[in-house]
Amino acid sequence: MTPPSRRPRTSLRGAILIGAAVLVTAASIGFGMLRPQAPDPVALSAASGAANAEAPAPLVLPEHPRILVFGDSWTYGSAATPPTDGYAYRLADLMDGTTIVDGVRGSGYLKPGLDGPAYGPRIDGLDPLLQPDLVVIEGSINDRRLPAAGYRPAVDAAWDRLADIYPDARIVVLGPAPQVLPVEKATARIDRDLQELAAQRGWWYISPVQEEWITPQNYAGIIDTGIGRDHPSNEGHRYLAEKVAAALREMAAAPVTVAVEPAETVQPVAPGK
């Protein structure tokens, strides 16, 4: 594992409006969630129709957080020169904290990597004494060529284990970022799956795909398509670190959602009663 990186620091109209409000309240209760409104660059973990979803709480971290960044080659720092200039390392400066970087090239929730196994066995091997304040689990496009069957159970099992090892840490899921444009269908499917599964746990989810972090306009400056083999360039890693840090700050500023009890219904009393 790469060592920690530490860098310095009542009319008809009225009746209609009331009825509409009741329907909206009922729908919110039916979905079991009230979502905080978080602006760009945060993709809300509120997948449409996700069952048993909870609203993510604001992300509260200490002044100098200890952050475990877990993921694939993008987290490893591939195509950065040196790899320790990758986004996960740069995040330490931007968050005025420490990053512990655990990236294995080619790995995913189902796919073993070049230098280690798939996410599940890798999580099993994490040091429980790390005591991170925050875990950012990134990726992975590496599962895009594997069948979708079994993907969600593998993600759930990996996340269950991660939460068991670090019960006091906040966990944020950073979805896959496109290495090519247009976004491949399998990458978009992975993004949706992760978003829905994160929503069910009440975890924050960041979607570089849906937030369009990489576009035709900035692609050439962010992705090294030559020797970097479609990984972020040095400039791309800097950009990604800034986007992730901005997303985390938005989560910290998210309003707390308070459930409102329905008003008591008062039956009208007929005159003379």
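Read-outs: derived from the displayed coordinates by stated rules, not from any lab. Small disclaimer: the values here were computed from a predicted structure and weren't measured. As a convention, Cβ positions derive from the backbone with ideal geometry for all residues, glycine included, and neighbour counts pool all protein chains shown.
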Checklist entry - Looking at the square roots a ≥ b ≥ c of the eigenvalues of the Cα gyration tensor of the range 169-211, which shape do they give, rounded for a/c under 1.5, prolate if a/b is larger than b/c, or oblate? => result prolate
Next on the checklist: At 0.36 nm per residue, and after removing the present C-alpha to C-alpha distance, how many nm does the segment from residue 61 to residue 96 gain when stretched out fully?
Outcome noted: 11.5 nm
Item to check | Filtered trypsin sites (Lys or Arg not before Pro), the range 120-171: DSSP coil and at most 12 other beta carbons within 10 Å | outcome: 145
Checklist entry - Under the Kirkwood approximation applied to all pairs of distinct alpha-carbon atoms, what is the hydrodynamic radius of the range 51-208 in Å? => result 15.8
Checklist entry - Where the centroid of each part is defined by its Cα atoms, how far is the range 164-220 from the range 89-147 in Å? => result 14
Checklist entry - Around residue 238, what is the net charge, scoring Lys/Arg as +1 and Asp/Glu as -1 over all other residues with Cβ under 11 Å from its Cβ? => result -2
Next on the checklist: Starting from the 7 Å offset along Cα-to-Cβ, what nm value, one decimal, do you get for the label separation of residue 156 and residue 220?
Outcome noted: 4.6
Checklist outcome for this item: Shape descriptor, the range 83-158: equivalent ellipsoid semi-axes (Cα gyration tensor, sqrt 5λ, whole Å, largest first) stand at 24, 15, 11
Next on the checklist: Based on the alpha carbons, how large is the Rg to Rh ratio for the range 130-246 when Rh follows Kirkwood?
Outcome noted: 0.98
Item to check | Net charge of Cβ neighbours under 11 Å - reference residue 181; Lys, Arg +1; Asp, Glu -1 | outcome: -3
